[in-house]
Structure formats: C-alpha cells, structure tokens
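J.: Here it is, the structure, as structure tokens.
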Amino acid sequence: MPSAATISKKTVEDVDLAGKTVLVRVDYNVPFRPGTVEIADDSRIVASCDTLKYLASKRCKIVLASHLGRPGGRVVEELRLKPVAVRLSQLTDYAVETSLECTGDRVREMARSLPCGGMLMLENLRFDPGEESNDPDFASALASLAEVFVNDAFGAAHRAHASTEGVAHLLPSAAGLLMARELDMLGGALRSPVRPFVAVLGGAKVSDKLGVLSHLAGKVDILLVGGGMAATFFKAAGKSVGDSLVEDSKIDEVSEFMRDAADKGVDVRLPGDVVVADGFSATASHRVVASDGVPDGWRIMDIGPEAAGSFESALRPARTVIWNGPMGVFEWEPFAGGTERIAKALAGLSEATTVVGGGSTAEAVATLNLDGEMTHVSTGGGASLEFMEGKILPGVAALPDRD
C-alpha cells in the first residue's frame, strides 16, 4: 500500500509539532438523520482520527475547524457542530471542548487553556461570511488561534476559502495524514498506474464528468461508462433514449470526446442493455431492454445485467481501477443491481489498487458494506472529481512542498 511519505507536500510527519497549538481543518460536513441531530454517516469523522491521534501523541493542543451544511454566513441552530464534537469524543475517547464562535478573544483564551493533547472544536466556519469569501481578516483571526496549520480536509480542498487556502499562507502548514493519503492514492493511480488501468464513470449528468473523461483519455486502457449520463452518449450515437435525461447541449462535446478517445486508442465501452422505467420512482414499472431499444415514455435507470457482466469481465484483469459515479439510481432497489455488481467486482480484485471517488459512489460502497474491501474510498466528492480532471485544488496548492 502506498505511503503518505511519497507525496510532494509536507505532511504532519515532516513538521516539529511537539507541544504546539495546531489549527486542523477537518471535513466534518456530515449528514444528520432528518429532523434530528443524530449523525447518519460518521465516516468523515472516522477518517480524521489518525491525524488527530498523531497530533495528540505529540502533545499538541488541537483546534478543530470545519464547516457544516450551507448556512450562508449566518447562524443556523440545526447546523451547530456540538453533535459532531460529541461523536468525535466517542470515537477517540478524548474530551472535545466546543465553542459557540469560531474567532474572538474568548476562543483564543479557550485555545490557550487547552491541556496538551486537548481538543477544541470551533463553531461552524460558514456561520461567518468571511469563510466562503476568503476574507483576509477572518483568515488572520483563525491563524491567531494556533502556531501551525494542518489541512486534513480533502473534501473541501477544491474551495479557496479562508480556512482552506487563506490560513495556509499565514502559518507554517502541512497536510494531515488523511489529506496525504488522498493525494497519494488518487495521484498515484493517475500518475503511475499498474496496468491494465480501467476507469468506471457513472452518475446522472455527463456535464459533471466531461472534464474527467477528457483528462483520463490517453491514461486509461479501458473506460466503462454507465449511469444516467450514458443516455447522452447514446443520443450522440443516434440512438433513441425515450424520456431519459439527456444534456443536449453536451452532445457535440460527447461526440468530440469519442473521436478523441478513438484517436488515442482508448477502449470506451457503453452498456449494451439497460434497465428502463416508465417513471422516476422506486415503484415504477421497469424492464430490461437493449440500449438501442428504449421505448418512448421510458427512461434509463440502471445498466442491464448483460452490461454488468461485460463490465465485470473488463475489470477482472485490471490492476488499477478508479470508479466515480453509480451505474444507476442505486438508492432504489429495482435500480441498484448495476452499482452492486460493480462494487462487488472491485471488492474481489485482490491484486488491484481500487480507488473509489467520494460522494454518491462512496455512499453506495458503504451501503453495501464493501468500503473495507477497497484500497481507498475518497472522502471528497467535488474535490476528487476536480482532482481527476487535473485541476489545481486551492487548498492543496497553498500547502508547502517538501524541501
């Protein structure tokens, strides 16, 4: 398994942290069960624990900073971080103090008063409008709480916000262990994959993935395309797609991509059959049809069993796999089959490096209890997509390189 030490950015392991106060940007943007403060998925909290335990072992005073939801620069009671602090305390057995603010004299005093190994969780950063606007004064106020900055929030690294980009220029900075692993696994798969290298891309909208498709062309050996986005590919090829979601404005770009992929010798495979439904609901009538036989009034909801089998065969010899985007509307049982078969196929690749993108793909793998069978499941949805597009992530770019 690759080591975080192989990345070019400084990590916590490269910095003298003994006894210092450390501001740690974490990604605790977790979902709550509707109408409650019960956390529905604590995987992002769990993923941060290695970094926090490492800092505690160095007797650091740890100040945690995160956003939660989209409060729009104002206080929203149901988006306070207290429930997250409680869950973190349960996971680590550390006492986690909380603040009702994220900056100010009171917060500075709480940070100074922390015992070595103690943790203070600031209030939701996005309660302050200065966070998302990357306001220099807000960044300075955050920086005044600590001596060192550690960014462990890969899921927010594609945002140039005060706590992800601004602070990194004001304090000695480094990547946390989670951030380092994300960069190592995603970067390693793209930079120096063991071949055959297969990418699986799905999801509802092709516009979300065109940048990734273009960046992967010429890097991968096989590209498997599923999900609702396949409908735009089918229409670009002149096939009837019934009432399926199609991004007509992207048809020319899809056609251009297919020509470019062919010129580069990339084997792009589309589903030969699909599961269609006569409405967008879990209870809609559904059946399997050939991909060129979608009836009027019906829409594509999943890849079909033949397509799933074909994709499994393509994955079997792979030694590096990147997967981003489900194969269908996996939240509804009648349309979960394609996603489940891809997940199980990846879980069975004992000799391959399997990297699963964040967001709904990570959710699907976790729902199937297969996340532990993957080499790496990213904590970043939009961040992992932008990374795979080859874009510069501001929160990463702001961190110093190793000497």
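The values are calculated or read from the model by the stated rules, or taken from the named source; none is laboratory data. Note that the structure is a prediction, hence the values are computed from the model and not measured. All Cβ positions, even for glycine, are placed from backbone atoms using ideal geometry, and neighbour counts span all protein chains on display. Only protein heavy atoms, including side chains, enter the accessible area calculation; ligands, DNA and RNA are left aside. Shrake-Rupley method; radii C 1.70, N 1.55, O 1.52, S 1.80 Å.
J.: Could you provide, to the nearest whole Å², the per residue accessible area of region 173-269 with probe 1.4 Å?
T.: On a per-residue basis, region 173-269 sits at 37 Å².
J.: What percent does the relative contact order of region 259-323 come to when contacts are Cα pairs within less than 8 Å and at least six residues apart?
T.: Worked out over region 259-323, it gives 32 percent.
J.: Shifting gears a bit: Relative to the longest principal axis of the C-alpha atoms of the chain, give the angle of the C-alpha long axis of helix 43-57, reported between 0 and 90° and rounded to the nearest 10°.
T.: Value to nearest ten degrees: 30.
J.: Hey, another quick one. Which entries of K344/K391; K219/K264; K235/K391 show an alpha-carbon separation above 20 angstrom in the structure shown?
T.: In this structure, K344/K391; K235/K391 exceed 20 Å between Cα atoms.
J.: Please give the Cα centre distance for region 163-211 versus region 318-341, rounded to the nearest Å.
T.: 20
J.: Carbon-plus-sulfur fraction of the accessible area of the chain, 1.4 Å probe, in percent?
T.: Carbon with sulfur: 48 percent of the solvent-accessible area.
J.: So for each of 126-137, 269-280 I average, over its residues, the number of other beta carbons within 10 Å; can you give me the resulting order with the highest mean first?
T.: 269-280, 126-137
J.: Right, another one. Dipole of the chain (Lys/Arg Cβ +1, Asp/Glu Cβ -1, origin at the Cα centre): which of G203, G390, A364 lies farthest to the positive side?
T.: Positive-end residue among those listed: G390.
J.: Just want to confirm a number: the relative contact order over region 253-403, from Cα pairs under 8 angstrom separated by 6+ residues, in percent.
T.: Relative contact order comes out at 16 percent.
J.: In deg cm²/dmol, rounded to 500, what helix-only [θ] at 222 nm does the chain give when every DSSP H run of at least 4 residues adds -39500 (n - 2.57) and the total is split over its residues?
T.: It comes out at -9000 deg cm²/dmol, rounded to the nearest 500.
J.: Given the pairs K10/K58; K10/K209; K9/K209, which span a C-alpha to C-alpha distance of over 23 angstrom in this model?
T.: K10/K209; K9/K209
J.: A follow-up question, please. So what are the ³J(HN,Hα) numbers for region 377-387, from phi and the Karplus equation (6.51, -1.76, 1.60; θ = phi - 60°), rounded to whole Hz, Gly and Pro as x?
T.: Running phi through 6.51 cos²θ - 1.76 cosθ + 1.60 with θ = phi - 60° gives 10, 5, 8, x, x, x, 5, 5, 4, 5, 4 Hz.
J.: If we sort 217-223, 309-315 on the protection proxy, mean other Cβ atoms within 10 Å, highest first, what's the order?
T.: So the order, starting with the most tightly packed, is 217-223, 309-315.
J.: Moving on to the next point. Taking only protein heavy atoms and a 1.4 Å probe, what accessible area per residue, in Å², does region 341-403 have with all protein chains in place?
T.: 41
J.: Pull up the cross-link candidates among the lysines for K239, meaning alpha carbon to alpha carbon under 18 Å and not fewer than 8 places away within one chain.
T.: K205, K250
J.: Given the convex hull over the Cα atoms of the chain, what projected area results after averaging over all orientations, in nm²?
T.: 19.6
J.: Enumerate the amide H contacts of F32 below 5 Å, restricted to partners 5 or more residues apart or on another chain; note that Pro and chain-start residues carry no placed amide H.
T.: Under 5 Å from the amide H of F32 lie the amide H atoms of A40, each far enough along the sequence or on another chain.
J.: Give me the percent relative contact order of the chain, please, defined on Cα pairs under 8 angstrom at least 6 residues apart.
T.: Relative contact order of the chain: 16 percent.
J.: Hey, can you rank 224-233, 88-97, 298-307, 139-148 by average C-beta count inside 10 Å, highest first?
T.: Ranked by mean Cβ neighbours within 10 Å, highest first: 224-233, 298-307, 139-148, 88-97.
J.: Expressed as a whole number of Å, what is the distance separating the alpha-carbon centroids of region 342-373 and region 65-93?
T.: Using only Cα atoms, the two centres lie 28 Å from each other.
J.: State the antiparallel share, in %, of DSSP beta bridges confined to the chain, rounding to the nearest 5.
T.: Taking every DSSP beta bridge within the chain, about 25 percent pair in antiparallel fashion.
J.: For the chain, with only Lys/Arg (+1) and Asp/Glu (-1) charged at the beta-carbon, what is the dipole magnitude about the Cα centre, in debye rounded to 20?
T.: 700
J.: Something else now. For G118, which sequence-distant residues (separation of 5 or more, or a different chain) have an amide H within less than 5 Å of its own amide H, given hydrogens modelled in the peptide plane?
T.: I62
J.: Let a ≥ b ≥ c be the square roots of the eigenvalues of the Cα gyration tensor of region 238-334; is it rounded (a/c under 1.5), or, if not, prolate (a/b larger than b/c) or oblate?
T.: Oblate is the answer for region 238-334, as a/c is 1.5 or above yet b/c matches or exceeds a/b.
J.: Taking only Cα atoms, what is the 0 to 90° angle, nearest 10, from helix 305-315's long axis to the longest principal axis of the chain?
T.: Orientation of helix 305-315: about 60 degrees from the principal axis.
J.: Under the Karplus relation 6.51 cos²θ - 1.76 cosθ + 1.60, θ = phi - 60°, what is the ordered set of whole-Hz ³J(HN,Hα) values for region 100-111, x standing for Gly and Pro?
T.: 8, 10, 10, 9, x, 4, 4, 5, 4, 5, 5, 5
J.: Keeping every protein chain present and rolling a 1.4 Å probe, give me the accessible area per residue for region 33-96 in Å².
T.: I get 52 Å² per residue for region 33-96.
J.: Follow-up question, since we're still on this one. Once phi is turned into θ = phi - 60°, what whole-Hz ³J(HN,Hα) does the Karplus curve with 6.51, -1.76 and 1.60 give for every residue of region 165-173, x standing for Gly and Pro?
T.: Running phi through 6.51 cos²θ - 1.76 cosθ + 1.60 with θ = phi - 60° gives 10, x, 4, 4, 8, 10, 9, x, 10 Hz.
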